[in-house]
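Before we start, here is the structure in question, set down as structure tokens.
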Amino acid sequence: MINKWRRQMKQWVGKQFNLPEDVILELPRITMIGQIHAYIENHQGLITFTEKEIVLKMHNGFIKIKGENFVLKTMLKEEIIVEGKIFDVQYID
Amino acid sequence: MKFKQGLFWKGYITVYVEGDRPENFLNRCIEADIPIWDVKRINEKKMELKLHLKHVSKVKKIRRRLGYKLTFKAKHGLPFLLAHLKFRKPLVIGVALCLFFIFLLSNIVMQVKIVGVTPETEYKIQQRLDHYGLKEGIFKFSLRNIDDMERNITNELKDVMWIGIEEKGTTYIVHGVEKSLVHLDDNQKPQHLIASKEGEITQMYVESGQPMVKVNQHVNKGDILVSGIIGQTENEEEDKDNNKNENVNQQQVHAKGKVFAETWYTTETIVPLKYKHDTLTGDKDQQYKMKFGKVKVPIWDIFEPDYENKYEEVEEKPLYFLNFKLPFTIEKKTIHESERIKGERTEKEAVQEGIEQAKRELKKHIGFDSEIIDVKILQQSKENDKVKLNLYFIVKENIAVAQPINQGD
């Protein structure tokens, strides 16, 4: 009950103050620095991690990142930093 | 990335995770709020990752639930170093003792050197230094103020003109300058003795030279008392005896002697009828504190003495490690018990006190072989609870001072 009420409150505040969508709609935010870094927020879990491929679960669907020499620099709740050489970012429903 | 700060201090480990789908293990860790970094895939069933030491127990719980195999690859950071040192206790104790002794020895006076003086004076200075506590083997911070020591020793030793104490690490170098003894030349030079003050002569001791005055004679300042030219009076006889050469009997000598005379001083003193002053009872308490910045930690004598009135002296001494000044200082606080003396005097007592005061004052000005013969009160008045005295002193003192005879050539 309180959670629901809080979500509604959040949406209303977001609209009123013109906040970015990733905050309100729980969409992933991916920041990339060239090919070498990808900074992914709001993920829901790690599905696959190999040297050449990372699959992350999102709110609705998955993200697949392809490349080589992947290392997870940081793994926190809702935040992952990937280092390596990134070739491809795909959204899979 | 706050969790990556202070890694060395907190300690972290590198582990291998083996099992089916190690990603699953990672997800569990994330859910349990365990930060993980530098994750590498080794092969299908194996991953390498790093995590904080403090999370190891949590991770082990997860492992037990999911059935993965954990292998510790490497341990990093201070906690592991310390744990390792536990097995090398003798070494640790040795190093600690070594540092402690270096620290101790850095704060001890190792050598006191006295330079620039004759062995005789050196011995005297040595004795004074011992008295003031500057000797080999004591702690530097227990020393008194060096400036005071310099001044006191200079005052106490008559044949020393100046003393400087230089601190060089654990060595103290005491520079002394001796008063040069009276030049032998001066002893031979012809001189008169003249009166330094007006007075009436009471006694004369003449070692050499021709006395020019007699006992009970009144002399003015600058009068010749003992002449360094002897044979002068014979000039009168010269007429009678022309054969004698004029210059033969005229001789210049070093006049020497003491001429005591009664001299007079008038002084004015004011003595209050009510008085109030603080004196120290002699009871004292010493406290030592270690000071770091503004934080003070008591080392010795924590309790404040229960003195009603007190007078505090605070001295701060730096601590050394080898030649480096440490940020710690030792604060030495001496608390003296003081006493406030209040009282009233009658006019009679005030007069007595005034005379005593004036005598003490006068004795500072006249020589050590002088004596006060008589005191007379010239004037006595009382106003505003104060007694004002005009005193007249009769003093017997040596008024002879040397005056070189100008030889002209």
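Working only within segment B:342-383, note down all residues that are of a type in the set (S, T, N, Q), surrounded by fewer than 12 Cβ atoms within 10 Å (Cβ to Cβ) and under 21 Å from residue B:199 (Cα atoms). Write out each step before concluding.
Let us first name the residues in segment B:342-383 that are of a type in the set (S, T, N, Q), namely B:346, B:352, B:357, B:370, B:379-381.
From what is left, the residues that are surrounded by fewer than 12 Cβ atoms within 10 Å (Cβ to Cβ) are B:346, B:379, B:381.
Result: no residue meets the conditions.
Also, quick follow-up: Scanning segment B:280-309 for residues that are under 22 Å from the mean Cα position of the chain (by Cα) and among the basic types (Lys, Arg), which turns out farthest from residue B:171 (Cα to Cα)?
Within segment B:280-309, the match that is farthest from residue B:171 (Cα to Cα) is B:284.
Oh, and also: Find the strands (runs of 3 or more DSSP E) located wholly in chain A whose residues include 3 or more that are within 14 Å of another protein chain (Cβ to nearest Cβ), and list them. Before the answer, list the steps.
Working: elements: A:29-33, A:37-41, A:45-49, A:53-58, A:61-76, A:79-92.
Correct list: A:37-41, A:45-49, A:53-58, A:61-76, A:79-92.
Would you point out which residue out of B:331, B:313 is of a type outside the set (S, T, N, Q) and farther than 13 Å from residue B:141 by Cα?
Working: B:331 fails: farther than 13 Å from residue B:141 by Cα.
Just a single option satisfies the conditions, and that option is B:313.
Looking only at residues in segment B:289-327 that are farther than 19 Å from residue B:108 by Cα and of a type in the set (Ser, Thr, Tyr), which one is least open to solvent (accessible area, probe 1.4 Å)?
The residue in question is B:307.
Tell me which residues, restricted to segment A:12-36, are surrounded by 13 or more Cβ atoms within 10 Å (Cβ to Cβ) and more than 16 Å from residue A:90 (Cα to Cα).
To start, the set of residues in segment A:12-36 that are surrounded by 13 or more Cβ atoms within 10 Å (Cβ to Cβ) comprises A:14, A:19, A:22-24, A:26-30, A:32, A:36.
Hits for segment A:12-36 are A:14, A:19, A:22, A:23, A:24, A:26, A:36.
Can we say residue B:73 is assigned to a strand (DSSP E or B) and either closer than 21 Å to residue A:47 by Cβ or more than 10 Å from chain A (Cβ to nearest Cβ) (or both)?
Numbers: assigned to a strand (DSSP E or B): yes; either closer than 21 Å to residue A:47 by Cβ or more than 10 Å from chain A (Cβ to nearest Cβ) (or both): yes.
Yes: the conditions hold for residue B:73.
Taking residue B:80 as meeting all but one of (1) among the hydrophobic types (A, V, I, L, M, F, W, C); (2) touching a Gly at 6+ places or on another chain (Cβ under 9 Å); (3) in a strand (DSSP E or B); (4) surrounded by fewer than 17 Cβ atoms within 10 Å (Cβ to Cβ), write down the number of the exception.
All conditions are met except number (3).
Moving on to the next point. Pick from B:26, B:51: which is within 14 Å of chain A (Cβ to nearest Cβ), crowded, with 17+ Cβ neighbours inside 10 Å, hydrophobic (A, V, I, L, M, F, W, C) and not in a strand (DSSP E or B)? Steps first, answer last, please.
Values: B:51 fails: not in a strand (DSSP E or B).
B:26 is the lone residue from the list that is within 14 Å of chain A (Cβ to nearest Cβ), crowded, with 17+ Cβ neighbours inside 10 Å, hydrophobic (A, V, I, L, M, F, W, C) and not in a strand (DSSP E or B).
Residue B:134: open to solvent by less than 40 Å² (accessible area, probe 1.4 Å) and not in a strand (DSSP E or B), yes or no?
Spelling it out, residue B:134 is indeed open to solvent by less than 40 Å² (accessible area, probe 1.4 Å) and not in a strand (DSSP E or B).
Scan segment B:29-47 for residues that are more than 7 Å from chain A (Cβ to nearest Cβ) and open to solvent by less than 20 Å² (accessible area, probe 1.4 Å) and jot them down. Outline the logic, then answer.
Let us first name the residues in segment B:29-47 that are more than 7 Å from chain A (Cβ to nearest Cβ), namely B:29, B:31-32, B:34, B:42-47.
Listed by number, the residues that qualify are B:29, B:34, B:47.
A further question on this structure: In segment A:37-66, how many are at positive phi and open to solvent by less than 20 Å² (accessible area, probe 1.4 Å)? Steps first, please.
Filtering segment A:37-66 down to residues at positive phi leaves A:42, A:45, A:61.
After this cut, where a residue has to be open to solvent by less than 20 Å² (accessible area, probe 1.4 Å) as well, the list is A:45, A:61.
Here the count works out to 2.
The values are calculated or read from the model by the stated rules, or taken from the named source; none is laboratory data. All figures in this text were calculated on a predicted structure; none of them were measured in a lab. Neighbour counts are summed over all protein chains in view; Cβ atoms, including those assigned to glycine, are modelled from backbone coordinates with ideal geometry. Just so you know, the surface numbers come from the protein's heavy atoms only, side chains and all, with ligands and any DNA or RNA stripped out. Shrake-Rupley method; radii C 1.70, N 1.55, O 1.52, S 1.80 Å.
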